[in-house]
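Here's the structure we're looking at; comments come further down.
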Amino acid sequence: MKKILNFIDGINRILLLLLGVFLSIMIGVLSVQVLSRTLIGHSIPWSEELARFLMIYLVFIGAALALRKQQLIAIEFVAEKAKFNTRRFLKITSNVIGIVFFGVIFVQGLEVMARVQTQVSAALQLPMSVVYAALPIGAVLLTMNAIAVIIELGIASEDKNMEVEK
């Protein structure tokens with residue numbers, strides 16, 4: 001199980017770097033766009049489209065990383081009052097429900113990609129299937145990190161049981 005967690009965390013480190021690159025590109029392009037519009041009076045037609053597409057990927061990658069660190073917004077007042085095993089059960093259950101939801105996003109994302117495969121974006125002339133690929137890619141990343149959280153909760157349970165036995 002530790003090998004699986006190490007593998008997922010390795011992928012997450014790469015995703016964190018990718019997140020930084022995408023954010024840097026987005027900030028740079030938007031900064032040039034604002035300067036171009038204010039100083040020259042001419043806007044760059046593709047900059048807003050690129051920023052929008054990067055933001056879509058940033059949201060899915062960021063959500064996957066936040067899920068892994070259990071930093072997504074959650075209502076936990078019930079879980080906080082519960083005992084360890086109940087809290088663990090609630091977290092595992094919510095992650096399993098999340099995995100089912102991510103499966104729906106994955107399937108629907110593939111269907112949308114198939115429908116838009118002949119379309120291209122207005123300014124960048126990028127196939128829209130590349131943009132909509134964020135849905136299945138994000139679903140896979142979210143599922144991967146939900147599984148990691150479930151594994152960690154299972155390991156925490158084993159560690160807790162070992163402490164009780166001592």
Sequence ranges 72-79, 30-37, ranked by mean other-Cβ count within 10 angstrom, highest first | 30-37, 72-79
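Mean separation of Cα pairs under 8 Å and 6+ residues apart, divided by the residue count of the range 2-161: what relative contact order is that in percent?
Working: 140 pairs, mean separation 45.5, N = 160.
With pairs under 8 Å counted, the relative contact order is 28 percent.
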What's the lysine pair count for the chain at a Cα cut-off below 28 Å, pairs eight or more apart or interchain?
-> 21
Would you work out which of Ala122, Leu39, Ile150 lies farthest towards the positive end of the dipole of the chain? Charges go on Cβ: Lys and Arg +1, Asp and Glu -1.
-> Ile150
Report, by chain and number, residues whose modeled amide H sits under 5 Å from the one on Val120, excluding near sequence neighbours (fewer than 5 apart, same chain).
-> Met128
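Can you tell me the dipole magnitude for the range 5-141 around its Cα centre, using point charges on the Cβ only (Lys, Arg +1; Asp, Glu -1), in Debye to the nearest 20?
The dipole of the range 5-141 has a size of about 520 debye.
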In sequence order, calculated HN-Hα J values of the range 21-34 (Karplus, 6.51, -1.76, 1.60; Hz; x Gly/Pro) | 5, 4, 5, 5, 4, 4, 5, x, 5, 5, 5, 4, 4, 5
Identify which of the listed values of semi-axes √(5λ) of the Cα gyration tensor in Å was calculated from the structure shown: (i) 37, 23, 11; (ii) 39, 18, 14; (iii) 36, 13, 12.
-> (ii)
Between Thr86, Thr38, Thr143, which gets the highest mean-square fluctuation from a Gaussian network model of the chain, Cα cutoff 10 Å?
-> Thr38
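Every number here is computed from the coordinates shown, using simple stated rules; none is lab data. Keep in mind that this is a model prediction, so the values were computed, not measured. For neighbour counting, all protein chains shown are included, and Cβ atoms are generated from backbone atoms with ideal geometry for every residue, glycine included.
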